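S.K.: Have a look at the structure that comes next, please.
The values are calculated or read from the model by the stated rules, or taken from the named source; none is laboratory data. Everything numeric in this text was worked out from a predicted model, so none of it was measured. Positions of Cβ are backbone-derived with ideal geometry, glycine not excepted, and every protein chain shown enters the neighbour counts.
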Amino acid sequence: MRKYLFLNIFFVLSVLLATAAARAQTHWQFDVPFVPTPHVVIEEMLRLAQVTPQDFVMDLGSGDGRVLITAAQKYGARGIGVDLDGELVAESIESAKVAGVSDRVQFLQQDLFKTDLGQATVITMYLLPGVMARLQPRLLDLKPGTRLVSHDFRLGDWKPDVTTQIRKNTFLWIVPAKVAGRWQMTLALPGGEHAVTLDLRQQYQEVDGHGRFSDRHSQIWEPRLSGDRLSFVMVDDRDRDNEAALYFEGRVNGDIIEGQLRRGTGKAQTVHSWRAQRVSAP
């Protein structure tokens, strides 16, 4: 009796080990082994991305679906998860039904490199460095302001906008608008209209450059680019005894930047509209 019991246990364990080994081997063939993301890390990823009910979340390499299901359950988001493993996709679909969010999320068995990412406002990832590097060019071409969240692994040399560490490193990138090139505008300021030229350089979300203000060289100070939002400071030094900082804030839309600038500070501050057009790209 003990002999038969031992043989039965041995048989069951052998089947379980073989199944696990086959699944692991399958995942390695998919470039990304399935390793579940801890729930506390999922919470941090979604917090960093500031997910809301208006967001469409795409989970690349969605595994058992836990990230997307959490986004739907706790934040009311909609979305799609993609994974090459059909068993995990089926498991995710069933888990979404149990969680009561199957009307808000969809899981697809497909190659993430062939997936249309255009509708995403948030993309979540737990992918190996080689896969992240291959994805980087596609992610940079997404709509400015799209939030990208990963844990453990970075997007090559693209510096994250935010990094936190709660059990694991979690990274947030905000897709930047493309602002490199020469921009021109005419500003209506006290004393008349003034031609302004900006020559901007860009590496990911980091921007620098210089400009000309009324035919005078002008440094660009404190440039900041977050998604489609650009801010910087120039100095109106036409009158050295009455010079003032010009605080520019604007939204990038293709080859146009529009916004407001504040001249000076305190009671002497005045507010003006500005609109720049790109006249040449690098």
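S.K.: Tell me which residues, restricted to region 96-117, are farther than 18 Å from THR52 by Cα, outside any helix (DSSP H, G or I) and either aliphatic (A, V, I, L, M) or touching a Lys or Arg at 6+ places or on another chain (Cβ under 9 Å) (or both).
M.R.: LEU108, LEU117
S.K.: I would also like to ask the following. Can you confirm whether LEU187 is surrounded by 15 or more Cβ atoms within 10 Å (Cβ to Cβ), within 10 Å of the chain's Cα centre (by Cα) and touching a residue at least 24 places away in the same chain (Cβ under 8 Å)?
M.R.: Working: surrounded by 15 or more Cβ atoms within 10 Å (Cβ to Cβ): yes; within 10 Å of the chain's Cα centre (by Cα): no; touching a residue at least 24 places away in the same chain (Cβ under 8 Å): yes.
Criteria not met by LEU187.
S.K.: For the structure I just gave you, tell me whether GLN203 is farther than 27 Å from HIS272 by Cβ, assigned by TED's automatic domain parsing to the domain that holds LEU230 and of a type in the set (S, T, N, Q).
M.R.: Numbers: farther than 27 Å from HIS272 by Cβ: yes; assigned by TED's automatic domain parsing to the domain that holds LEU230: yes; of a type in the set (S, T, N, Q): yes.
Criteria met by GLN203.
S.K.: Scan region 153-163 for residues that are in a loop (DSSP other than H, G, I, E, B) and surrounded by fewer than 17 Cβ atoms within 10 Å (Cβ to Cβ) and jot them down.
M.R.: Applying the first criterion (in a loop (DSSP other than H, G, I, E, B)) to region 153-163 yields 153-161.
Listed by number, the residues that qualify are GLY156, ASP157, LYS159.
S.K.: Of all residues in region 248-270, which are more than 32 Å from the chain's Cα centre (by Cα) and surrounded by fewer than 13 Cβ atoms within 10 Å (Cβ to Cβ)? First the steps, then the outcome.
M.R.: Taking region 248-270 first, the residues more than 32 Å from the chain's Cα centre (by Cα) are 263-270.
Correct list: THR265, GLY266, LYS267, ALA268, GLN269, THR270.
S.K.: I need a count of the residues in region 73-87 that are of a type outside the set (Phe, Trp, Tyr), in contact (Cβ under 8 Å) with a residue 24 or more places away in the chain and surrounded by fewer than 24 Cβ atoms within 10 Å (Cβ to Cβ). Steps first, please.
M.R.: The first filter runs over region 73-87 and keeps only residues of a type outside the set (Phe, Trp, Tyr), leaving 73-74, 76-87.
From the residues that got through so far, the ones that are in contact (Cβ under 8 Å) with a residue 24 or more places away in the chain too are 73-74, 76-85, 87.
Going one step further and asking which of them are surrounded by fewer than 24 Cβ atoms within 10 Å (Cβ to Cβ), we end up with 73-74, 76, 78, 80, 82, 84-85, 87.
Residues that pass the stated criteria total 9.
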